[in-house]
Amino acid sequence: MNYKAIIFDFDYTLADATEGIVKCFNYAFEKMGFPQQDTEVIRNTVGMTIANAFTLMTGCDDESVINKLRSHFKVLADKIMAESTKLLFHTKILLYNLKYDGVRTGIVTSKLRCRINDTLIKENLQDYINIIIGFDDVECPKPSPEGLLKAIEILNIPKEQVLYVGDNIIDAETAERANVDFVGVLTGTTTKSEFQIYSHKKIVKDLAVLEIFINNIKKVVEI
């Protein structure tokens, strides 16, 4: 399959926002009287919604408390998240090359769309992503397929010609439920064996290896 569109998750797939995420969660925890968490504990929740991550770390699922946490999280995130987010190895090169090849690109994430926009602007990449679907664009976040299917509809490309790339089993389940091809990247906290439970075309070390996989498919199609 020669893919006409490639859609990505964001955190640990295209970028690393660990520093900002940890600071924002611990700022919110401190404001609300919850114990602060170690970096690795918070890192292992990246990919979840803020609500699900908060509940996992604290055991609290009270909606009013979660809403307060979101508010505190947002206060600091508005100030530091874009600046503290760093692109992963090969992200820029891959996005440049996909645009050059005429491949449409998108991001489907559990983060707010503005967080992605801010990072793309900072990195001068806003012209290299065709569609962003964030937490605020859907009723049901991942692993619901809603966001992924919405992005595909806007791109107006048959989903058989779309590849979704992510670093988390949440992404793998999203693709599976959308019936969209999936590649897992090992740049996050998910292991190869965890990915293997889900439908996938490939599990790759990083985006550079992903590009090799894409190019090899293209060569086969051309032959």
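Coordinate-derived values only; no laboratory data. In this text the structure is predicted, and so the values were computed from the model without any measurement. Don't worry about glycine lacking a Cβ; one is built from the backbone with ideal geometry, like all the others, and counts go over all protein chains shown.
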Would you mind classifying the range 86-223 by shape? Square roots of the alpha carbon gyration tensor eigenvalues, ordered a ≥ b ≥ c; an a/c under 1.5 is rounded, otherwise it is prolate if a/b is larger than b/c and oblate if not. rounded
What list of ³J(HN,Hα) couplings, whole Hz, do you get for the range 3-9 from phi and the Karplus terms 6.51, -1.76, 1.60, once you set θ to phi - 60° and write x for glycine and proline? 6, 8, 8, 10, 10, 10, 5
Long-range amide H contacts for A15: which residues qualify at under 5 Å (H placed 1.01 Å from N, peptide plane, sequence gap of 5 or more or a different chain)? L88
With just the Cα atoms defining each centre, how far is the range 1-55 from the range 143-210? Give it in Å. 18 Å
Spelling it out for I132: with amide H atoms placed in the peptide plane at 1.01 Å from N, the residues 5 or more places away or on another chain with amide H under 5 Å from its amide H are I107
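Based on the Cα coordinates of the range 6-87, what is the per residue volume of their convex hull in Å³?
On the way: hull volume 7.5 nm³, N = 82.
Looking at the range 6-87, the number lands at 92 Å³ per residue.
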Mind checking which lysines have their C-alpha under 22 Å from K111, skipping anything on the same chain fewer than 8 residues away? K23, K31, K68, K74, K79, K86, K92, K122, K142, K150
With contacts defined as alpha carbon pairs under 8 Å and 6 or more residues apart, what's the relative contact order of the chain in percent? 25 percent
Degrees separating the helix 169-178 axis from the principal Cα axis of the chain, which is the longest one: 50 degrees
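All other residues with a Cβ under 13 Å from the Cβ of G102 taken together, and with Lys, Arg as +1 and Asp, Glu as -1, what is their net charge? Write out the running numbers ahead of the final one.
Details: positive: K4, K99, R104, K218; negative: D101.
Within the 13 Å Cβ shell, the charges total +3.
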Cα-based helix-to-principal-axis angle, 113-122 vs the chain, degrees rounded to 10: 70 degrees
